[in-house]
Every structure is written in C-alpha cells, then in structure tokens.
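Asks: This structure is in structure tokens; I'll ask about it shortly.
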Ligand code: SF4
C-alpha cells in the first residue's frame, strides 16, 4: 500500500469528510499540528479545527488587495450594503479591512510561480466546509467586524468543480441565511458560461484576476492559465451585467446581477512590463469591459524561481503608488492614458506624481486663472483635487476669489502656487520654469501612503457614490 | 455692558426654541449656553428658555423654506459636536443664512460657514467611522452589546444604520461618556439615559469567536508592508479600547507603560 505524501493535494481532499462537525469543535481550541510524519512512511493526520483552517486560509488570501465593499445597495433580513462601503478595521500594514477575505481552499492543481499556494509548495493545506464558513461569516457580520465576504479559492480538480462549490456557499448565505451583506466572489479563470451566469446572481461584485498583464508573462509564470480563459469570462460577465442593468430599468422586479460590477488585479514588478503597457491594459479594461476597479499589487516575493525576482528584492511600493495615481487620473480626472507617457518614457516618473509630471511637460497650458478656469481645467492643476476644484467652482458663484480665500478654503497652495494665477497675479515663489518647479516638487520622495485618502466628503454631490468609496481609504 | 445670556435645556429642540426667540427679538445674544455648563458672569442678564415644541416646529418650517436641506443637516451635526461655543456658531450661521438664503453653503471662505462646515464634517467623519468600528459582543441572553466612546455625540447618527443592518436582532449600543444607550428591540432603535450600567456576562461562544477574529486580524497583514503609522491614521488609538481585534495590543501597551 502506498502512503500519501506530505503536501499531496489529494491527501487532503480524501480526508475532507473526516472533519468533525463544526458545532463540536468550536468549543475546543486545542493546539494541534496540521499533520506530522511519524517514522518511515507513516502519516498522522490531525484533523484541523476551524481556527487552524482559518489561519491557513486567511494567510493565503491576503495577497489579493481588493477589499472594497462599495457600489451596491441591497437589503435583507440580515444586513444590507451601503453604497459608499464601510471600512471596519485597518490591519497593521495600513490596509482597510472591510470584507472577510478568505479562500475556500488552498489546495491547488496549478503551479503559478508567484503564488504561495502553488502545487509545488510544501505548505499546510486546508478546505472549508460550506457550513463552517457560512456560520463564521454570519457571526462576524452580526458583530459588525465585517461588511461581507470576499470568497476566493485555489483550484481543486477543475475550475468548474471549484466554482460550483464556491457558488454553493454564497447561494446558501443568500438563501437560507437571508444574508444581505456584501459578497465579492472571485471567478476562477476558465469557468464555464453556465456557472458565470449563476455567480452574478448571488454576488455583488465578481472578479477574475488577470495577475500578469501579457500572454508572454503568463506563459512564463502561470503556464496553466491562458489569456482567453481570463478575458473570456470577463467579457461574458460584462455582457450579462450590462443587459441586466438595461432590463432592470424597464422592470423593477428583475433581481440585481452583480450590481457592483467587476474588478481585477495586476501584479506589479514580477515581470518586465512597462507602466505604459500596464496602464494601456487598464484603460482598455475600463473602457471596453467597463471594469469598476483595477487593483495593482506590488509583488511580494514568496517563492524562489529562476524566472522571478529574488526573495530579497524590495517591494516596488512607490511604483505601485504611482500606478494608482495614474489610474485615478484616468478614472476621475478625465485624463487619457496616452497623455501620461511620452515616446521616450514608457514608465511613470517616480520622483513626481503623474499629474505634476504631465503639467511640467505642458507649460503652455499653465498658469490657469482660478477665477475663470472651468472644472475640467482646475482638476488638472497639480495640488488641486476633485474636492478643491469643486469648492472653487462653488464659491466662485458668490464672490470672486482672492489668495486668502483659497487658504481659508483649505486649498493647499504648496504645489498649486506654480500653476495658477489669482486675479491675474502669479503667486509662486520662483518664476514659472518647469525645471526649477520640478526641483521644488521632487522632494516628495517618501513612498507616500497608497490610496492616501481624504475622508468621505459631503461637498461632492454629483459624483458622490463613485468617489466616496475611494475617498475613505478603502480598497 | 450688559450681556444677554440665553440658557436652554441642552436638547436640540431647546436650542431651536432659543434661536427662534432670539430671531423674533432681533437682537444679538451675548451667549447661548446649555443650563448645566453656564458660569455666572458679573454683567450677565440671564434669559431662561422654556423648550417649546410648537415654536420649534414653526421655526424649523421657516428654516426649511429659507435654507437647503444640507444646511439643516450641518446645523444638526454641529449641535452633536462637543466643540465649545457651538450654539453661537450655529446662531451666526443661521443669521447669515437668512441673508444669503439657499446660497449659504457657497460661502466657503466665510468664517461663519467654514466653522460650521469643519465641525459638521468632523462629526460626520466620526459617525462614518463608528459605523465600521462599533463591535458587538454577544451576551448570555443573546443580546448584542457594544460599548463606544466617541469625541462627539454620534449615537443619533448611527442607530438608523444599525437597525437596517441588524433588523431582526436585539442589540444595544452604549455611549459610555455621555451615559446614553440606544436599544433596538426588533422594531426601531430608541435612545435612553442610563446611570450605572454593569455589563452582564458574555456568552459562552463569544470568547472563541473573538479569538478567531483576532487571529484573522493578525494574519491578514502583509508583514513586508508593515505601516503602523498609516494604520493609526485611519484608526486612531483612542478608538482601540473597545475594538475586539486591538484589545490585546491595547492592553499590552498600557501594561508596559505602567510596569516597564
Ligand atoms: S491557480 Fe495559481 S495563483 Fe491561484 S492558487 Fe493556484 S497556484 Fe495560486
């Protein structure tokens, strides 16, 4: 007889149903190891309790950065979602915790080089029983720890097999438990259309992770995944979402279908793509597939493989930050991705932010007159954001602005001073020459806070829902 | 110089009655204070306001005609704030409102408007924060209990949210500083005053669920990206006391401070 080997995924699948029922274990948090080898070839299997599974499956889920709970309005017997989303806590890396972010299982048939859960890694594996996970979600939700569930998973057997089990979990949550909280459901690349159709009915948001921006990188690092298997489901989901929205406009009774839309994630710094390529892809995703968000995740080395940056490589946090800034410019500031790059610079400037960098390349457009420039022009001024521009436009209706007024309105002139005139007067402390101004702006070198966030603003009316979610530090 | 001091009972209705009385007299008040916090001054002439719901309703109607809804929201939020002299600030804002009418909130660079906006915003921000930071604990009888300590009196702003979120549960939120308690008993939430409230025993499962949550919280952070400053910026330390996930850290830090 052959004994199963440590780390063999099949081993754990077979022992699935050996798990004691959840109700009994919860009250006995003993310390037990996941499993240990005893002598030659013997394998003692400890049955994991919920806490231990939890540790393992949360650990594996954390590299998925998305945690947004915004964009949907829903109400049920237990819970509801708030359009702007809510953050419930912030972990010690400063990221917002809004959803219970967890894998259904970390047992995987694939071998993506950048991933902790890849088949060839020797790590403890675990799988949740639907009931276990559902009970926990409901309990955490009632205690107000979380806004909902973000369910992701590694791939067991086949994409469809995995997806079916994930859907079963959310179906029970929505059905039997009448759960009205937020559900973000990860879609496994290669899922069949039939299951995609069902997934959107229960989830508020669905996402297929692209991870690597080109087919070439994918072939190199995630040989089991193909671009069409990723983009295909995205397009299909988009068609469904769009048609359901159209239908809902006509008939109020049509149930919501993934009302918070789709998102995806790209890994930054594991492969040699330029920022231009990455932003190009993002813009295409926003425009053609109507994605709500693209997340950028600086690669955290977890494995050693010859094709990957070494374990000691610094995490490209600043680059990630710049990409987020560029992403914002495209989504909220009316920029076209192409404006942010030139022929010779396929990468974003790490020294100054993308907006300032653009402004410095276009001195002919500045300075602009605060009392006359329209909203679209104002938001393009470095140092003036969506809120600042909005305040200016508002106040201008009742009085003409002086420099003191700007200060009183809490519009920081530190960066804006070089790009504006107030009543025709330029207030910068140095003449308007791009090189010198660049010097002044550059010291901003500290890897700034990603998604640095002014709090929810009640001045912004029009775009409130859209902007609210990004303003309060939420992912 | 004689100063006219208006004393009201500390409620919102009381304040609106006071404003209405002042508005009718058309003279500038020296100060408006809640009864409890007034310190007598030498030249003060005290006018005590009797809260009058009918008059308040009339005054609110007038305000609703003159101002936009948003301005009224600002006023209520500043009333909930614990900033000093908020009553006079509200008076000045309302006065300006009668002159500028619907355009009141466009005067962003005016001190009177700015003060109201800034403080209303602080209250809104805290209320929004608390919608996330309230932590319920399960008691033995199945009720959910959440203690909070906030800078401003945000309880009235958050209970509607929670009664929509947990409509079929029995829960109460306890504002420890202000000795108020909001109770939701399967219908709609109401706020009561409480004197001394001793927290009953937690349920049997509670400790274990807390442990799972704490474990999750510890594990979800990416160690290589540690950024405690950012964490504190979003979740200031003064809120940690009742956060299930920070309790351990909070207690540890307090201990080392006192017993180095
Ligand atoms: S499919 Fe790839 S990325 Fe996903 S869990 Fe498996 S190895 Fe990791």
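Asks: Considering every residue within region B:35-51, establish whether at least one is within 26 Å of residue A:399 (Cβ to Cβ), without any contact (Cβ under 8 Å) to a residue 24 or more places away in the chain and out of contact with any helix residue (DSSP H, G or I) (no Cβ under 8 Å at 6 or more places or on another chain).
Replies: No, every residue in region B:35-51 fails to be within 26 Å of residue A:399 (Cβ to Cβ), without any contact (Cβ under 8 Å) to a residue 24 or more places away in the chain and out of contact with any helix residue (DSSP H, G or I) (no Cβ under 8 Å at 6 or more places or on another chain).
Asks: Determine which single condition residue B:31 fails, assuming it passes every other condition in (1) under 30 Å from residue A:68 (Cα atoms); (2) surrounded by fewer than 17 Cβ atoms within 10 Å (Cβ to Cβ); (3) touching a strand residue (DSSP E or B) at 6+ places or on another chain (Cβ under 6 Å).
Replies: Only one criterion is unmet by residue B:31, namely (1).
Asks: Within region A:180-195, restricting attention to residues that are in contact (Cβ under 8 Å) with a residue 40 or more places away in the chain and in contact with a strand residue (DSSP E or B) (Cβ under 6 Å, 6 or more places away or on another chain), which residue is farthest from the ligand (Cβ to nearest atom)?
Replies: Here the answer is A:180.
Asks: Give the residue that is farthest from the ligand (Cβ to nearest atom), with candidates limited to residues of region A:196-215 that are in contact with a helix residue (DSSP H, G or I) (Cβ under 9 Å, 6 or more places away or on another chain) and part of a loop (DSSP other than H, G, I, E, B).
Replies: Applying the filter and picking the extreme gives A:203.
Asks: So, in region B:218-242, how many residues would count as being more than 7 Å from chain A (Cβ to nearest Cβ) and either assigned to a loop (DSSP other than H, G, I, E, B) or at pLDDT 75 or above (or both)?
Replies: Total meeting the criteria: 11.
Asks: I'd like to check something: does region A:130-141 contain any residue that is in a loop (DSSP other than H, G, I, E, B), within 13 Å of chain B (Cβ to nearest Cβ) and either under 29 Å from residue B:142 (Cα atoms) or in contact (Cβ under 8 Å) with a residue 40 or more places away in the chain (or both)?
Replies: No - not one qualifying residue is present in region A:130-141.
Asks: How many residues does region A:330-342 hold that are without any contact (Cβ under 8 Å) to a residue 24 or more places away in the chain and loosely packed, with under 15 Cβ neighbours inside 10 Å?
Replies: Matching residues across region A:330-342 total 2.
Asks: Considering only region A:343-350, I want to know if a residue exists there that is outside the structural domain of residue A:419 (by TED's automatic domain parsing) and buried (at least 21 other Cβ atoms within 10 Å of the Cβ).
Replies: yes
Asks: Here's a follow-up. Looking for something out of contact with any helix residue (DSSP H, G or I) (no Cβ under 7 Å at 6 or more places or on another chain) and over 19 Å from residue B:79 (Cα atoms) - is there at least one such residue anywhere in region B:112-126?
Replies: No, there is no match, as no residue in region B:112-126 is out of contact with any helix residue (DSSP H, G or I) (no Cβ under 7 Å at 6 or more places or on another chain) and over 19 Å from residue B:79 (Cα atoms).
Asks: Examine region B:171-180 for a residue that is within 25 Å of residue A:78 (Cβ to Cβ), in a loop (DSSP other than H, G, I, E, B), within 10 Å of another protein chain (Cβ to nearest Cβ) and touching a residue at least 24 places away in the same chain (Cβ under 8 Å), and state whether such a residue exists.
Replies: no
Asks: List the number of the failed condition for residue A:264; all other conditions in (1) in contact with a helix residue (DSSP H, G or I) (Cβ under 7 Å, 6 or more places away or on another chain); (2) not in a strand (DSSP E or B) hold.
Replies: (2) is the only condition that residue A:264 fails.
Asks: Let me ask another. Out of (1) within 27 Å of residue B:229 (Cβ to Cβ); (2) modelled with pLDDT of 75 or more; (3) part of a loop (DSSP other than H, G, I, E, B); (4) within 16 Å of the ligand (Cβ to nearest atom), what's the single condition that is false for residue A:63?
Replies: (2)
Asks: Ok, one more. Please give the number of the condition residue A:152 fails out of (1) more than 16 Å from the ligand (Cβ to nearest atom); (2) touching a strand residue (DSSP E or B) at 6+ places or on another chain (Cβ under 6 Å).
Replies: (1)
Asks: Report yes if some residue within region A:157-174 is within 14 Å of chain B (Cβ to nearest Cβ), under 24 Å from residue A:135 (Cα atoms) and within 14 Å of the ligand (Cβ to nearest atom); otherwise report no. Spell out the reasoning first.
Replies: Within region A:157-174, the subset within 14 Å of chain B (Cβ to nearest Cβ) is none.
Looking for residues that are within 14 Å of chain B (Cβ to nearest Cβ), under 24 Å from residue A:135 (Cα atoms) and within 14 Å of the ligand (Cβ to nearest atom), one finds none in region A:157-174, hence no.
Asks: If you don't mind, another one. I need a count of the residues in region A:391-426 that are under 20 Å from residue A:334 (Cβ atoms) and more than 10 Å from chain B (Cβ to nearest Cβ).
Replies: Residues that pass the stated criteria total 4.
Asks: Might you check whether a residue that is modelled with pLDDT under 85, farther than 29 Å from residue A:292 by Cα and part of a loop (DSSP other than H, G, I, E, B) occurs anywhere in region A:328-347?
Replies: Yes, region A:328-347 contains at least one residue that is modelled with pLDDT under 85, farther than 29 Å from residue A:292 by Cα and part of a loop (DSSP other than H, G, I, E, B).
Asks: Could you tell me which residue of region A:74-109 is surrounded by the fewest Cβ atoms within 10 Å (Cβ to Cβ), considering only residues that are within 11 Å of another protein chain (Cβ to nearest Cβ), over 16 Å from the mean Cα position of the chain (by Cα) and in a loop (DSSP other than H, G, I, E, B)?
Replies: Restricting to residues being within 11 Å of another protein chain (Cβ to nearest Cβ), over 16 Å from the mean Cα position of the chain (by Cα) and in a loop (DSSP other than H, G, I, E, B), the top hit is A:77.
Asks: Answer yes or no as to whether residue B:183 is assigned to a strand (DSSP E or B) and more than 10 Å from chain A (Cβ to nearest Cβ).
Replies: Criteria met by residue B:183.
Asks: I'd like to verify a number: residues in region A:111-138 that are away from the ligand (no atom under 16 Å from the Cβ) and touching a strand residue (DSSP E or B) at 6+ places or on another chain (Cβ under 8 Å), how many?
Replies: 4
Asks: Looking at this structure, is residue B:90 more than 11 Å from chain A (Cβ to nearest Cβ) and crowded, with 22+ Cβ neighbours inside 10 Å?
Replies: yes
Asks: Right, something else. Specify which of the listed residues (A:270, A:373, A:310) is part of a loop (DSSP other than H, G, I, E, B) and surrounded by fewer than 19 Cβ atoms within 10 Å (Cβ to Cβ).
Replies: Every option except A:310 fails the conditions.
The values are calculated or read from the model by the stated rules, or taken from the named source; none is laboratory data. Treat the numbers as computed from the prediction; the structure is a model and nothing was measured. Don't worry about glycine lacking a Cβ; one is built from the backbone with ideal geometry, like all the others, and counts go over all protein chains shown.
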